[in-house]
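Some notes on the structure that comes next.
Every read-out reported here was derived from the displayed coordinates using simple, explicitly stated rules and does not represent laboratory data. Fair warning: this is a prediction, and the values are worked out from it, not measured in the lab.
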Amino acid sequence: TEELKEYFSQFGSVQRCQLPFDRDTGFHRRYCWIKFSTPEDVQNVLKKDSHILEGSKLALKQQTRRRRSQRRNPRE
């Protein structure tokens, strides 16, 4: 997680970095979520053609923000 946060901080301020792990195997699930402070930071990271971390090419996808009513477990 720290390596991901450090890598992506070159594009802007990283608020949160979540790397989920499989409870059975103990290995990460091959995806993560990174939250940047501003939309401009997101655009900075998406401008770069390819991202390689520890020898692996990363595939980036921008997630659109969902409204609370669209979430699985909305808070009341």
Projected area averaged over orientations for region 1-58, convex hull of C-alpha atoms, nm²: 4.1 nm²
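Taking only pairs that are 8 or more places apart or on different chains, how many Lys pairs in the chain have Cα atoms under 15 angstrom apart?
Numbers: Lys5/Lys35; Lys35/Lys61; Lys47/Lys61; Lys48/Lys57; Lys48/Lys61.
The number of close lysine pairs in the chain is 5.
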